[in-house]
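> Quick one: structure below, then a few questions.
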Amino acid sequence: MKYIIAGTDRPDSNTLKVSKYIQTIYQQLGETVEIIDLKEMKTHLHQDIHYGKPSEGLKPYLDKVLGSDGLIVVSPEYNGSMPGILKYFIDHLKFPESFEFRPVCFVGLGGMFGALRPVEHLQQIFGYRNAYVYPERVFIMGVHKILNAEGQPQDETIKQLLLKQAQGFQKFTQALSSFKIDANAVIEKKKQP
Ligand SMILES: Cc1cc2nc3c(=O)[nH]c(=O)nc-3n(C[C@H](O)[C@H](O)[C@H](O)COP(=O)(O)O)c2cc1C
């Protein structure tokens, strides 16, 4: 299963709206995909101060990442970077298996630069953690102008770019898992005697 990490806890977030739209694209491609909403998760996150020893409330969220065949990280830009809660969540994920050899792709959204800065910083983090970073990123500039009242993107170019990224990322994850070089296959192999 794939997971979309909606990278903020802000109420009425555009990130969550875009994440829901991306979820429908993957569903149309025949994928099972769930959203990890950091707003829902944050009560558990703040109860847990033991990095590496998650509380019972936080554990299901960390397990989703650990079992995923691909992660789609959707991040807004806050003060030239990613939201603090997204980095805080990342820092609670089990090392190294949460990201090592795990396929990941990125969508950024914001004002003038479409979250170029946080996405490039996320690429550094996931690169450092040995993830398989899908090269095609999508940057949504002026996000508040392109969503309608239902939170659906109205810009045809953005819709096409999100579809193209999803189609490519689906093939990317299939290719890695067919050769058993993705995170889940590596974890399974380590379990064998
Ligand atoms: C705390 C905060 C800081 C922001 N900083 C930036 C910024 O540095 N650059 C930018 O382009 N947009 C910035 N924005 C605009 C957001 O990227 C934009 O409003 C986006 O919709 C936020 O995502 P959200 O609706 O999921 O919170 C900021 C918004 C917030 C709430």
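> Within the group Leu71, Leu86, which residue is within 16 Å of the ligand (Cβ to nearest atom), touching a residue at least 24 places away in the same chain (Cβ under 8 Å) and of a type in the set (A, V, I, L, M)?
Numbers: Leu71 fails: within 16 Å of the ligand (Cβ to nearest atom).
Exactly one of Leu71, Leu86 is within 16 Å of the ligand (Cβ to nearest atom), touching a residue at least 24 places away in the same chain (Cβ under 8 Å) and of a type in the set (A, V, I, L, M), namely Leu86.
> If you don't mind, another one. Scan segment 1-26 residue by residue and report those that are touching a strand residue (DSSP E or B) at 6+ places or on another chain (Cβ under 7 Å), polar (S, T, N, Q) and farther than 18 Å from Gly111 by Cβ.
Selection gives Ser19, Gln23.
> What residue, among those in segment 96-120 that are small (Gly, Ala, Ser) and within 16 Å of the ligand (Cβ to nearest atom), is nearest to Phe169 (Cα to Cα)?
Here is the first cut: in segment 96-120, the ones small (Gly, Ala, Ser) are 98, 108, 110-111, 114-115.
Checking the rest, the ones that are also within 16 Å of the ligand (Cβ to nearest atom) come to 108, 110-111, 114-115.
Working: Gly108: 16, Gly110: 22, Gly111: 25, Gly114: 20, Ala115: 20 Å.
Going through the qualifying residues, I end up with Gly108.
> Here's something else I'd like to know. Against the conditions (1) among the basic types (Lys, Arg); (2) within 16 Å of the ligand (Cβ to nearest atom); (3) in contact with a strand residue (DSSP E or B) (Cβ under 8 Å, 6 or more places away or on another chain), where does Lys42 fall short? Just the number, please.
(3)
> Only one of (1) within 16 Å of the ligand (Cβ to nearest atom); (2) of a type in the set (Phe, Trp, Tyr); (3) under 30 Å from Ile181 (Cα atoms) is not met by Tyr78, so which one is it?
Against the list (1) within 16 Å of the ligand (Cβ to nearest atom); (2) of a type in the set (Phe, Trp, Tyr); (3) under 30 Å from Ile181 (Cα atoms), Tyr78 comes up short only on (3).
> Still on this structure, please answer the following. If you check Leu71 against the conditions, is it at pLDDT 95 or above and over 30 Å from Phe179 (Cα atoms)? It would help to see each step written out before you state the result.
Numbers: at pLDDT 95 or above: yes; over 30 Å from Phe179 (Cα atoms): no.
Spelling it out, it is not the case that Leu71 is at pLDDT 95 or above and over 30 Å from Phe179 (Cα atoms).
> Then there's this: Got at least one residue in segment 151-171 being aromatic (Phe, Trp, Tyr) and over 20 Å from the mean Cα position of the chain (by Cα)? Let's see the steps before the verdict.
At the first step, the residues of segment 151-171 found to be aromatic (Phe, Trp, Tyr) are 169.
Next, from what is left, pick out any that are over 20 Å from the mean Cα position of the chain (by Cα): none.
No: zero hits.
> Determine the pairs where a residue that is within 21 Å of Leu66 (Cβ to Cβ), located within segment 164-191, has a partner that is in a helix (DSSP H, G or I) with Cβ atoms under 6 Å apart, the partner being 6 or more residues away or on another chain.
So the pair list comes out as Asp182/Leu176.
> Further, regarding this structure: State all residues of segment 121-162 that are in contact with a strand residue (DSSP E or B) (Cβ under 9 Å, 6 or more places away or on another chain), without any contact (Cβ under 8 Å) to a residue 12 or more places away in the chain and closer than 28 Å to Gln174 by Cβ; if no residue qualifies, say none.
Within segment 121-162, Gly127, Pro135, Lys159 qualify.
> Would you point out which residue out of Leu176, Leu161 is out of contact with any His (no Cβ under 7 Å at 6 or more places or on another chain), closer than 22 Å to Pro118 by Cβ and either of a type in the set (Lys, Arg) or at pLDDT 95 or above (or both)?
Numbers: Leu176 fails: closer than 22 Å to Pro118 by Cβ.
After applying the criteria, what remains is Leu161.
> Still on this structure, I have one more. Please give the number of the condition Glu136 fails out of (1) of a type in the set (Asp, Glu); (2) away from the ligand (no atom under 16 Å from the Cβ); (3) out of contact with any Gly (no Cβ under 7 Å at 6 or more places or on another chain); (4) over 16 Å from Gly7 (Cα atoms).
Exception for Glu136: condition (3).
The values are calculated or read from the model by the stated rules, or taken from the named source; none is laboratory data. In this text, all values refer to a predicted model and were calculated from it rather than measured experimentally. FYI the Cβ positions are ideal-geometry reconstructions off the backbone, even for glycines, and counts take in every protein chain you see.
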